[in-house]
Amino acid sequence: MCGIVGYLGQKSPVPLIVDSLRTLEYRGYDSAGVAYLDDESLLHVYKASGKLLNLEGILPNELRLPTLPAESVNGHRNIGIGHIRWATHGAATNVNAHPHTGSRQEIALVHNGIIENFYELRQELQAKGHQFVSETDTESVVQLLEHLAETETDFSKVILKALQKLQGAYALTVISKKFPNHLYAARHQAPLVVGVGKDQNGNDEYIVASDAVAIVNHTNRLIYLKDGEIVEISPAGLRIMNLQGEQVEPVIETISTDPLTIDKKGYKHFMLKEIYEQPDVVRNSLTGRLQSIHQPIWILGDTPEQEGRFDAHLSAINRIVIIGCGTSYNAGLVGKYFIEELVQLPVEVEAAGEFRYRNPFISDRDLVITMSQSGETADTLAALRLSHQKGAKVLTLTNREDSSMAREADFVMPVRAGVEVSVAATKSFTAQITALYLLGLSLAEKRQTLAPEQLESLKAELLKMPARIESVLHNTEPLQVLARKYGQARDVLFIARGVNFPVALEGALKLKEISYIHAEGYSGSELKHGPIAMLDSNVPVVSVLTKGPVFEKMISNCQEAKAREARLIGITNTPVPNELRDTFEDILEIPESVEHFSPMLTTIPLQLLAYYMAEYLGKDVDQPRNLAKSVTVE
Ligand code: F6R
């Protein structure tokens, strides 16, 4: 949530910062702002509520041209900071937009995170005469900096003293007109990366950002700051210190930029492109891990040592605890059904925000799996740390190998979905469940809980799934028709059972987040315990019916709904008997597969239904209101 950028180099900072902010819009779009110091060290701030486009609209022409202002004069470098906001404290207004400045307009600051003791700081500073203008927690930090700078001339000491007083989470970037050649940035429980590059003329330049995607157009040499680290960038170079003021040796990593490139590739929305990428996502996820039905499964895929270490741990565990939020949580539930059944090992799935605030029973005999597309979700990261404190080893399933979770986990299984830009997660869900299927099969293989022929047959089935996903994607016309037919619904229910129950949750989540239609996912069996009271002839009920142990049960649940005049839409992988077809107003057939892997197929029509409904209603599909892709505040 919120994205921050800072630049120090010889280029005109504002256009560069705006370009970088564009890649961070997935983190929020409630407001955007930039601040820079001109050649006379005057501080300029521009900010606008709403999307980045609004900020671009108010920037003077000369700040939009990459060549202006030209080379810096007086030895000053070009320096600026920028922000994209997902509102936490204070409404999405201009005045609450970042950058924030102190009362004397000397310092500008952008921040991602939440300062928990902001109110106490605010009261203290107000008592000392500082005039606050916004409702944000962030303003307390910049006012504190200005206050401390009154008596301390070394700005790095000012930053250090201020940070020592903060409670909560932050990634922040600061500039000051008194120190025009200096850019400061710091992080604590919020991500921050420093790019160390050279411009076309060979001059050093530095870009600080919440995510490497905002930097990779300029350099692939990155420093991932750790919690409690502060970076000072000046013409003398870069210096990192910790909160005690001790020097820390910078570690520069050279990364491959290809996976971070962002392009819509001709699709109308990123979400549609990402839905269509799913066959390849599954192929990528299987590559090198499941080569043929006769070879053992390879989970982590890096080195034999790493795999061996992981295997040794797997043989020692007696429980798996999967932790995630939102779509990642739903993916974890699919893993529970599959792994528990095949491996006969207890699997619990926990919402990270609940897990972290109780005193969960976790021990070194558990494998904790943190599931996170971004690898930065604050609650999931905190759950990872709590699991470590309790002695468990943590495997992270993430789409970002450069994320905080990947760095802190004991084992990392990249889910290989490629950059997911649309706020609504689609291909990352499919990649996550593919990873869990591989993990389950590998455990079944190692613990010999399946007969060799059963194992081989499941491996063969999994290898066929990309082609089957492709065939679902070739039949989207009926879903477009359904979207128009049901697009005006006020409420939609999604029901399923067994391993597809999480798919019902996911279908409802997708629909509500991008179309704002009220939707709920239930197990078909739960309908009669309450939700059935909602049903009447206005309520569409999307039911996932797959061939397997719960098919007949689901048919009964559909009939119960039909008896209350609900409008049934069946998504099925097996022909519905003729005498039952009348139960359904619409039926969409998808390819058959073994029950275990059917969520890989049943999810796709639900993603598309949500997409087409949102599109039909004219909603902002890729950037739905109130949401952000990376939830780095709790
Ligand atoms: C839904 C969605 C969110 C995320 C959730 C967790 O489409 O995108 O529910 O799944 O915020 O995010 P990650 O997976 O990055 O931890």
Selection from segment 567-583 of residues that are among the hydrophobic types (A, V, I, L, M, F, W, C), farther than 25 Å from Tyr337 by Cβ and touching a residue at least 40 places away in the same chain (Cβ under 8 Å):
none
Filter segment 489-519 for residues that are of a type outside the set (A, V, I, L, M, F, W, C), within 18 Å of Ala533 (Cα to Cα) and in contact with a Phe, Trp or Tyr (Cβ under 8 Å, 6 or more places away or on another chain) and give the result.
none
Specify the residue that is farthest from Cys2 (Cα to Cα); the eligible residues are those in segment 119-140 that are buried (at least 17 other Cβ atoms within 10 Å of the Cβ) and in contact (Cβ under 8 Å) with a residue 40 or more places away in the chain.
Leu121
I'm trying to understand the selection: among the residues of segment 401-432, which are within 13 Å of the ligand (Cβ to nearest atom) and part of a helix (DSSP H, G or I)?
Ser404, Met405, Ala406, Lys427, Ser428, Phe429, Thr430, Ala431, Gln432
With respect to Gly332, is the statement that it is within 23 Å of Ala417 (Cα to Cα) and either outside any loop (DSSP other than H, G, I, E, B) or of a type outside the set (A, V, I, L, M, F, W, C) (or both) true?
yes
Any idea which residue in segment 351-376 is modelled with the highest pLDDT, counting only those that are among the polar types (S, T, N, Q), surrounded by 24 or more Cβ atoms within 10 Å (Cβ to Cβ) and assigned to a loop (DSSP other than H, G, I, E, B)?
Gln373
If we scan segment 596-617, do we find a residue that is in contact with a Ser or Thr (Cβ under 6 Å, 6 or more places away or on another chain), polar (S, T, N, Q), within 15 Å of the ligand (Cβ to nearest atom) and outside the structural domain of Thr572 (by TED's automatic domain parsing)?
no
Considering only segment 377-385, I want to know if a residue exists there that is under 29 Å from Ile115 (Cβ atoms), modelled with pLDDT of 95 or more and away from the ligand (no atom under 14 Å from the Cβ).
yes
Report the residue count in segment 320-370 for those that are of a type in the set (S, T, N, Q) and in contact with a Leu (Cβ under 9 Å, 6 or more places away or on another chain).
4
Among Asn578, Asn626, the single one that is within 16 Å of the ligand (Cβ to nearest atom), modelled with pLDDT under 95 and either farther than 27 Å from Lys427 by Cα or surrounded by fewer than 21 Cβ atoms within 10 Å (Cβ to Cβ) (or both) is Asn626
Selection from segment 17-70 of residues among the acidic types (Asp, Glu), assigned to a helix (DSSP H, G or I) and touching a Ser or Thr at 6+ places or on another chain (Cβ under 9 Å) yields Glu62
Looking at segment 433-442, can you tell me whether even one residue there is over 26 Å from the mean Cα position of the chain (by Cα) and surrounded by 16 or more Cβ atoms within 10 Å (Cβ to Cβ)?
yes
Return only the number of the condition from (1) surrounded by fewer than 24 Cβ atoms within 10 Å (Cβ to Cβ); (2) not assigned by TED's automatic domain parsing to the domain that holds Leu333 that Ser457 does not satisfy.
(2)
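Yes/no matrix, rows are residues, columns are (1) within 16 Å of the ligand (Cβ to nearest atom); (2) touching a residue at least 40 places away in the same chain (Cβ under 8 Å); (3) surrounded by 13 or more Cβ atoms within 10 Å (Cβ to Cβ):
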| position | (1), (2), (3) |
| --- | --- |
| Glu274 | yes, yes, yes |
| Asp280 | no, yes, yes |
| Ser285 | yes, yes, yes |
| Gly288 | no, no, no |
| Leu314 | no, yes, yes |
| Ile322 | yes, yes, yes |
| Glu340 | no, no, yes |
| Val347 | no, no, yes |
Quick check: is even one residue across segment 199-213 closer than 21 Å to His98 by Cβ and surrounded by fewer than 16 Cβ atoms within 10 Å (Cβ to Cβ)?
no
Is it the case that some residue within segment 551-562 is within 20 Å of Ala489 (Cβ to Cβ), surrounded by fewer than 20 Cβ atoms within 10 Å (Cβ to Cβ) and in the same structural domain as Phe501 (by TED's automatic domain parsing)?
yes
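The values are calculated or read from the model by the stated rules, or taken from the named source; none is laboratory data. Being a predicted model, the structure only gives us computed values, none of them experimental. A quick note on method: Cβ atoms are made from the backbone with ideal geometry, for glycine too, and the neighbour counts reach across all protein chains shown.
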